[in-house]
Structure formats: structure tokens, C-alpha cells
């Protein structure tokens, strides 16, 4: 990760007129990366919160009602980020919140590429990443309109576009 030039963009997370800050929740069990991103987002004017336990992620998001979620794909063996993404998409309260999914597991991101589309509020960010790229993607995710397909399923993704979500039918 590079942090070149991110200091010039201070204040991205704050509304220019009202002064209200955008809230970003980070779901990641890597303390080092989480700490770096928390500091960066705070410096940029965002209200940044972190959840490091996969089992608590949905409740954490529900409780804090963020404007954006940064989600690591591989949190632990029992519950991974894809499962959390599915749960967030099934909940009408958390479904509209855009999610940036990041991972060093490029195969996993590639396999899920058909559904990681901005029009559904889903963005992919391969790790390692440049901090300026992260900030640009955050800005894009917070300003992009979501496509709505009423009743189409998790995260408003048309059922024909979903891959790897077979377990949802067993809930």
C-alpha cells in the first residue's frame, strides 16, 4: 500500500455545508491494516469504526448504520466476508449500504466478479492497494446511485446474476 498524496485530499468524508461526517464501518481482522485505514479515514474527515469479529459484523453494522462498509473477504474459517455480505444483503436495513470488498485472494474476487458491480452498491478492491485508490473508490461508492430491481434478491442483484450463493436457499 502506498500513501503518497493522500494528505492533499483531507476532508472528503465531511459534507461541505452541513459539516456532517460520513460513517464508514471496516470489517477486518487484520489489526495493522484496520489501524492504517481507520487513521486515514479519520484524517479525511470520515467517522470510521472497526469490527474485527465476523460473528458480530451484522449486528455491528445494524447498530452503527454506516454510509459505507469496507469488508475483508477472508476473516476466519468459520465465517468469511462472503457470508457477511450475503447476510447484509438479506436484511432490508443493511441492504442499501454500499460495500467495498477487499482481498488479497484475487481468485475469490474474480469468482464473484459477476455480482461485484457498482450498480448494486458492490465494489471490489484487490489487496495490496494504494491508499489514494481506496479513497477514490470510497468517494465513488458514497456518491453512486444504486440500481433497484424490486424483489430481485440479495443486494438487489437479479437472481440470474448471482453465483456462489446456493446456500441462501437453506436459510
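The values are calculated or read from the model by the stated rules, or taken from the named source; none is laboratory data. As the structure is a prediction and not an experimental result, all values here were calculated from the model. Note: ideal-geometry Cβ built from the backbone for every residue, glycine included; neighbour counts use all protein chains shown.
Being in contact (Cβ under 8 Å) with a residue 12 or more places away in the chain and assigned to a loop (DSSP other than H, G, I, E, B): is that true of residue 74 here? The answer is yes for residue 74. Out of the residues in segment 89-101 that are in contact (Cβ under 8 Å) with a residue 60 or more places away in the chain and not in a loop (DSSP other than H, G, I, E, B), state the one that is farthest from residue 120 (Cα to Cα). By that ranking, first place goes to 90.
If you take the residues of segment 57-69 that are touching a residue at least 40 places away in the same chain (Cβ under 8 Å) and in contact with a helix residue (DSSP H, G or I) (Cβ under 7 Å, 6 or more places away or on another chain), which of them is surrounded by the fewest Cβ atoms within 10 Å (Cβ to Cβ)? Among those residues, the one meeting the criterion is 67.
Of everything in segment 38-60 that is part of a helix (DSSP H, G or I) and touching a strand residue (DSSP E or B) at 6+ places or on another chain (Cβ under 6 Å), the residue that is farthest from residue 85 (Cα to Cα) is 42. So, residue 87, is that one at pLDDT 90 or above and over 22 Å from residue 134 (Cβ atoms) or not? In short, yes.
Inspect all residues belonging to segment 27-36 and state whether any of them is buried (at least 16 other Cβ atoms within 10 Å of the Cβ), part of a helix (DSSP H, G or I) and either at pLDDT below 95 or at negative phi (or both). Yes.
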